[in-house]
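Values quoted throughout were computed directly from the atomic coordinates according to the rules given, and no laboratory measurement underlies them. Everything numeric in this text was worked out from a predicted model, so none of it was measured. For neighbour counting, all protein chains shown are included, and Cβ atoms are generated from backbone atoms with ideal geometry for every residue, glycine included.
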Amino acid sequence: MGLFSTNPVAALGRATLEGVGAIGRVGLFAARGIAAAISPPWYPRQIIAQFASVGFLSLPVVGLTAWFTGAALALNIYSGGDRFNAETVLPQIVALGITRELGPVLAALMLAGRVASAMASEIGAMRATEQIDAMVTLSTDPRRYLIAPRLIAATISLPLLTLITDIIGVAGGMQVSNYLIDLSPGIYIANTMDFLTAWDVESGLIKSAVFGFIIGLMGCYHGDSAKGGARGVGRATTSAMVSAAVLILAADYLLTSVFALK
Amino acid sequence: MRASWAETIMGFAVLAFAALMLTYALGVSGLKHSSGTYEVSARFGEAGGIQPGAKITVSGVKVGSVSDVTIDPKTYLAVMHLSLSKDVKLPSDSTAKITSDGLLGGAHIALMPGGAEDDLKPGGEINNTQGAVDLFGLIGQFIRPQSGSPAAASSADSAAKAPAAAPAPAAPKAAADLPEM
Amino acid sequence: MTTTAKIAWTGISKRFGAQVVLEGLELAVAPGRSLALLGRSGQGKSVTLKLALGLMKPDAGQVLLDGVDVTRQSEAERRASFRGIGMLFQGGALFDSLPVWENVAFRLINADGVGRAEARDRAVEALALVKLAPEVADRYPSELSGGMQKRAGLARAIVGTPSLLFFDEPTTGLDPITAGAINELIRDRVTSLGCTAVSITHDMASARTIADELAMLDNGRIVWRGRADELDHADHPLVRAFVTGQSME
């Protein structure tokens, strides 16, 4: 509102300061979250519960995403790639695309939608109904009880989910190639397994661990800083999802360029 | 926290599918490297475009893949290690030829069975080879025929004793130290 | 009052931006006394409580708990000092992901390292003290009525046998009959534990039942303080308005 009523240079300055402040707050939140995650006491029940809800219950959506992506990728390489004979290396391109890029990124984006938003709304609602204050008065550190388990579960679950994504993505490509273009599964897999190096898969897993941390961090941060009742919680949910998705894509570019130039 | 049964079952279904797929993939790739294949080698004057994993065909049907490409330090020839399916027995005088899949596409090795009585043994060598055609070298010669040395045989030491294999022109730089035909 | 106050707010000031909420607040509660802090909405009653719990920091002044300033404590020290404190939040603030018994036993399990079986037994005992049946223990907070949630919250506050209890508007949102029952329960528990209690409320019936002392907070400071039986004879206009339920004009 005040953006146009004051002088534009001051508005720009204020926006910049707010941006810097937000980065500082997220950074501090992240540092405290990591400190709580890597030092005792831990709450094993909470950690296991988060693994179940972040990791296990994300399997169906991640599996479906992976299969369709692998299948569509194979079809596209077959139909579009014949301009430069790419169809002869179809299994290899699918494998490379899935393990290095699409598996980690799509699994992370699905989790940003499913998990970061759920974390933000849950923690936001706990804030709004004084449950977090209540936890403090019950001599329990919410950072250890709520934040750390979510960060741990998200950071470890996503690479595991990405491994599943890699496998099912290749399966999707294989099955489509088999039924639609008559490429035998045996040859498809043989080509894939011969071609893939450990680093193709590892680089994807390293990326997905970073993405997992981003998802946990954005979910918890936006939930924890939710203000203003139900509407604030709604806003926090959206912000968590959008900021997680944007940060995932930015981190993907950064990490990929570090890997590519190393 | 209180997950529904449907969600739990779906989760296990996805895990089971992934496990099945992984078992299958490991089975297929494991088979290739163990009892299902045998290795032979072949020397080429020009390996252009062939990398480990490139396919090997007989009459256009895939029968194996290139497991390794090395250089012979004495003759400077490219040594291809070919991994072939045990189901395919090839006569000892078969020919190996590097063929491009298209103008810019990947290359593969085509095997043409010969007529000898005895078969290639595991660890044996295919003596009749035809190297890669250097398209740009060819085009260059066609445009400026007077420059550079004439085309040399890309099939290496085997070319002389096996005239059946048609010598293919190769890049002058690759064949510079070979005798002119 | 020669003994050290159980809890005392001294010279507390707190403002949010330009809005001054508390200005030089002085309030002390002697051990074993039950004080009700009255005041109109938005006069800083909740802030006073949150300052004592360390959920907010004052701009100036101290909150002394057994003579120790809690506003200067580290988070870990503050969490330790909560072992002797119970708090009933306005909406109950039960953890909705946990069944009732785990809510009640939360401190025992997560801070005191009591085994789950023993913690559950003690939780069921505490639930009985607030007149909740053992079957309720396995239900989730969302399955309880507002009155039952308040009872479960009260059970959670008293399970560790605290020496100081805080009540944030304990009867808000309840029908008069349920509110009356909750008030009786609170008075019952406070007397049998022999602990100090500070309640904030604008419900006069509640204040009369649970408190033996009352204080009126207005414009950032205490404007009137007295015993429950002095309430009807108070000459402060705001107190009179509260008692009669009529506008001050």
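Keeping to pairs on different chains or 8 or more places apart, tell me how many lysine pairs in chain C have Cα atoms under 28 Å apart.
Close lysine pairs under the 28 Å cut-off: 13.
For the protein assembly as shown, what's the radius of gyration and Dmax over Cα atoms, in angstrom?
38.0, 128
Helix hunt in chain C: which complete DSSP H runs extend at least 24 Å axially by C-alpha with mean Kyte-Doolittle at least 1.6?
none
Please work out the C-alpha center-to-center distance from the stretch C:87-152 to the stretch C:182-249 and express it in whole Å.
28
Putting +1 on Lys and Arg Cβ atoms and -1 on Asp and Glu Cβ atoms, find which of A:237, C:192, A:88 reaches farthest to the positive end of the dipole of the protein assembly as shown.
Farthest along the dipole direction, towards plus: C:192.
Using DSSP H assignments, which helices in chain A have an axial alpha-carbon span of 24 Å or above and a mean Kyte-Doolittle hydropathy of 0.0 or higher? Don't skip to the end; give the middle numbers.
Details: long enough: A:8-38 (45 Å, 1.12); A:59-80 (30 Å, 1.25); A:148-181 (48 Å, 1.26); A:198-224 (39 Å, 0.73); A:229-261 (47 Å, 1.21).
Going by DSSP H runs, the hits are A:8-38, A:59-80, A:148-181, A:198-224, A:229-261.
To the nearest 20 debye, what is the magnitude of the charge dipole of the protein assembly as shown about its Cα centre, counting +1 on the Cβ of each Lys and Arg and -1 on the Cβ of each Asp and Glu? Before the final figure, lay out the partial values.
Working: 57 positive and 61 negative charges, 289 e Å.
Roughly 1400 debye, rounded to the nearest 20.
Rg and Dmax of the stretch B:17-88 over Cα atoms: what are they, in angstrom?
14.7, 51
How many angstrom lie between the Cα centre of the stretch A:210-262 and the Cα centre of the stretch A:96-162?
About 10 Å separates the Cα centre of the stretch A:210-262 from the one of the stretch A:96-162.
What average number of partner chain Cβ atoms lie no more than 10 Å from the Cβ of the residues making up C:91-101?
Other-chain Cβ atoms within 10 Å of each residue's Cβ, averaged: 4.
Please average, across the residues of A:42-51, the number of beta carbons from any other chain that are within 10 Å of each residue's own beta carbon, and give a whole number.
Working: counts 0, 2, 0, 4, 3, 0, 0, 3, 1, 0.
If you average over the peptide's residues, the count of other-chain Cβ atoms is 1.
How much of the DSSP beta bridge set in chain C is antiparallel, as a percent to the nearest 5? Show your work: numbers first, answer last.
Details: 20 of 37 bridges.
Of all bridge pairs located within chain C, approximately 55 percent are antiparallel.
What span do the alpha-carbon atoms of chain A cover on each of the three principal axes, reported in whole Å from largest to smallest?
63, 52, 36
Cα extents of the stretch C:131-249 along the three principal axes, largest first, in whole Å?
For the stretch C:131-249, the Cα extents along the three principal axes come out at 51, 29, 25 Å.
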